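The values are calculated or read from the model by the stated rules, or taken from the named source; none is laboratory data. Quantities reported herein were computed from a predicted structural model and do not represent experimental measurements. Heads up, the Cβs are rebuilt from the backbone with ideal geometry, glycines too, and the neighbour counts pull from every protein chain shown. Just so you know, the surface numbers come from the protein's heavy atoms only, side chains and all, with ligands and any DNA or RNA stripped out. Shrake-Rupley method; radii C 1.70, N 1.55, O 1.52, S 1.80 Å.
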Amino acid sequence: AATAPLLSVRGLNAWYGEGHVLHGIDFDVAPGEVVTLLGRNGAGKTTTLKSIIGIMRKRTGSVVFDGVETVRMPSRTIARLGIGYCPEERGIFSSLSVEENLLLPPQVRPGGLSVEQIFELFPNLRERLASQGTKLSGGEQQMLAIGRILRTGARLLLLDEPTEGLAPVIVDDIGRTIARLKSEGFTIVLVEQNFRFASRVADRHYVVEQGRVVDMIPNAELDANIDKLHAYLGV
Ligand code: ATP
């Protein structure tokens, strides 16, 4: 029998003011799975992550995390259940050091990684311990941003374009990090434009178009579906 999903999104609608941007998003993520949300600019991928974590105030439908309906909860409460959100702009504190950034988030649930465990995961960050956020490279900033959400004890990680603007060698590092997190049992939803990267790290891909999930492609079937996917993405 299939295991129950860790995250189950059904009929999710969301609005920016009067602007209705999600029109019934449906998808599931199994425990330990890595899935991507793929789609053109403006399709609603970022808004989907913001709706799951509860930053989108006006939203309806159902978002069940680990058996708990969260769609009417404030984001603070949702985060405490064990969901971590890493925005595209990464959200680290540029005036604080690496260590200060890691010490900042409250350990909201048991199971949050210690600063030492974060450094084991990201040895580069240990060398940059006292460096200010602004002095870090893009890749180091991304690792710090992921490190911060691991501190909170999150088990489901929502990552918005973690490879954006990074050099290929750093993209490879992020890929290894995601593989490592997966092997340690974390569940990951990734918004990604970098197709090659997505195909290396993910188990399945959901295609988002105009605020709806219009297709699901298992990673093993990606090559066979490449023309269809190019049409979706307009590349
Ligand atoms: P991108 O890769 O460009 O971020 P996306 O698929 O993540 O694309 P969203 O950012 O979720 O798309 O945007 C979905 C829709 O919501 C778009 O039509 C966008 O113009 C609109 N939108 C996004 N942010 C806002 C905002 N702060 N206020 C109003 N409308 C917004």
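Tabulated data
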| read-out | value |
| --- | --- |
| At q = 0.14, 0.19 Å⁻¹, base-10 log of I(q)/I(0) for region 40-168 (Debye sum, equal scatterers on each alpha carbon) | -0.64, -1.07 |
| Straight-distance crosslink candidates among lysines, where the alpha carbon sits under 27 Å from residue 228 and sequence neighbours closer than 8 are dropped | 45 |
| Taking region 78-235 and dividing mean pair separation by its residue count, relative contact order in percent (alpha carbons under 8 Å, at least six apart) | 23 percent |
| Nearest-10 value in Å² for the accessible area of residue 70, using the 1.4 Å probe | 0 Å² |
| Normalised convex hull volume, region 118-174, alpha-carbon set, Å³ per residue | 90 Å³ |
| Orientation-averaged projected area, Cα convex hull of region 1-116 (nm²) | 9.1 nm² |
| By average C-beta atoms within 10 angstrom, highest first, the peptides 24-33, 77-86 | 77-86, 24-33 |
| Kirkwood-type radius of region 73-138, with distances r between different C-alpha atoms, in Å | 13.1 Å |
| Electrostatic dipole magnitude of the chain [Cβ: Lys, Arg +1; Asp, Glu -1; Cα centre; debye, to 20] | 640 debye |
| Largest-first principal axis extents, alpha carbons of the chain, Å | 46, 41, 38 |
| Carbon plus sulfur fraction of accessible area for region 16-105, probe 1.4 Å, in percent | 51 percent |
| For the chain: accessible area per residue (Å², 1.4 Å) | 45 Å² |
| Semi-axis lengths (Å, descending) of the ellipsoid that matches the C-alpha gyration tensor of region 106-208 | 22, 18, 11 |
